[in-house]
1. Whole angstrom only: what separates the Cα centroid of segment 198-226 from the Cα centroid of segment 104-143?
2. Would you compute, from DSSP H runs of 4+ residues alone, the mean residue ellipticity of the chain at 222 nm, taking -39500 (n - 2.57) per run and dividing by the full residue count, rounded to the nearest 500?
3. In the chain, with Lys and Arg counted as +1 and Asp and Glu as -1 at Cβ, which of these residues, HIS33, TYR117, GLY85, has the Cα nearest the positive end of the dipole, that is, farthest along it?
4. Rounded to the nearest percent, how much of the accessible area of segment 143-226 (1.4 Å probe, protein heavy atoms only) is carbon and sulfur?
5. Rounded to two decimals, what is the ratio between the C-alpha radius of gyration of segment 1-155 and 2.2 N^0.38 Å?
6. Please work out the average accessible area per residue across segment 31-152, using the 1.4 Å probe convention, and give it in Å².
7. Over 18 Å between Cα atoms: which of LYS84/LYS109; LYS55/LYS169; LYS84/LYS193 fall into that group?
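The values are calculated or read from the model by the stated rules, or taken from the named source; none is laboratory data. Because the structure is predicted, anything quoted here is derived from the model rather than measured. Note that we place each Cβ from the backbone using ideal geometry, even for glycine, and neighbour counts take in every protein chain shown. All accessible areas refer to the heavy atoms of the entire protein, side chains included, with ligands and DNA or RNA removed. Shrake-Rupley method; radii C 1.70, N 1.55, O 1.52, S 1.80 Å.
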Amino acid sequence: MMNTNYRLVFLGPPGAGKGTQAARITEALAIPHIATGDLFRENVKGATPVGLEVKAFMDRGELVPDRIVIRMVRERLARPDAQKGFLLDGYPRSVPQADALEADLAASKTPLDVVFYMTAPDTLIVERLSGRRVCPSCGRTYHVANIPPRKAGVCDGCGGALVQRDDDKPETVKKRLAVYRDQTEALVARYRKSGLLVDLDGAKEVEPLAREILDVLKKLSSRRTA
Ligand code: AP5
């Protein structure tokens, strides 16, 4: 049987499809999907102290300060459901975040298994993000043309009204891409050097790409048990 207790990271530019794939993979493996962007959006919606602090950064398409993100992820990874594996979606996104994660996982002797690096051309990213619609109630993600809901504007899962994310406006998308290149892309070389990186073509269709990811994990699982 396939071992499902993986510690995974999804790295890549905005709109590459990290969240879409992460939802499928975490469901298949029954591990928590920890998306820092989702955690921040929940905090903004609930007007918590963290939400009030991070909103302006998110609206501008900038990274939230490391001290806030690192603390939030530390707390989340300490929860019982993350002790047998997790998928970090959109974290780490800066060198200090990667350093903090590495130190914490080394201390608990639970290193990462794989960093999946998903890419897509900028034109595709802009097209995807401008067509993205999300359900604020249950978090499902759609695309008006590629992955439409059965009824336009209505979530298939919970019937909630779909909305466009504030930071999916073209000017903010441009800024998010620039921030990604400037602050996050350096992590690719770091994880490639450590042998953890697996490249994925985010331009592929959703289901074949999900199968490809699960195949990588199956191979890893059989190597572990061999
Ligand atoms: P976050 O929410 O993490 O946004 P992101 O990384 O910019 O990623 P996205 O959610 O935009 O894209 P995705 O790759 O998940 O694509 P998706 O699957 O939805 O972060 C938002 C903000 O929070 C940041 O700007 C920052 O301010 C803050 N933040 C978060 N984490 C932080 C951190 N660690 N440090 C500091 N600040 C942080 O797909 C996009 C669209 O394409 C969807 O419509 C989808 O339906 C469609 N699609 C997906 N895959 C396919 C496919 N294969 N074929 C066709 N369509 C597809």
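1. 15 Å
2. Numbers: 9 runs with 107 residues, N = 226.
That comes out to -14500 deg cm²/dmol.
3. Looking along the dipole axis, the top candidate is GLY85.
4. Numbers: 2800 of 5200 Å².
Carbon and sulfur together cover 54 percent of it.
5. Numbers: Rg = 16.0 Å, N = 155, 2.2 N^0.38 = 15.0 Å.
That ratio works out to 1.07.
6. Working: 6300 Å² over 122 residues.
Accessible area per residue: 52 Å².
7. On the way: LYS84/LYS109 13 Å; LYS55/LYS169 15 Å; LYS84/LYS193 26 Å.
Among LYS84/LYS109; LYS55/LYS169; LYS84/LYS193, the Cα-Cα distance tops 18 Å for LYS84/LYS193.
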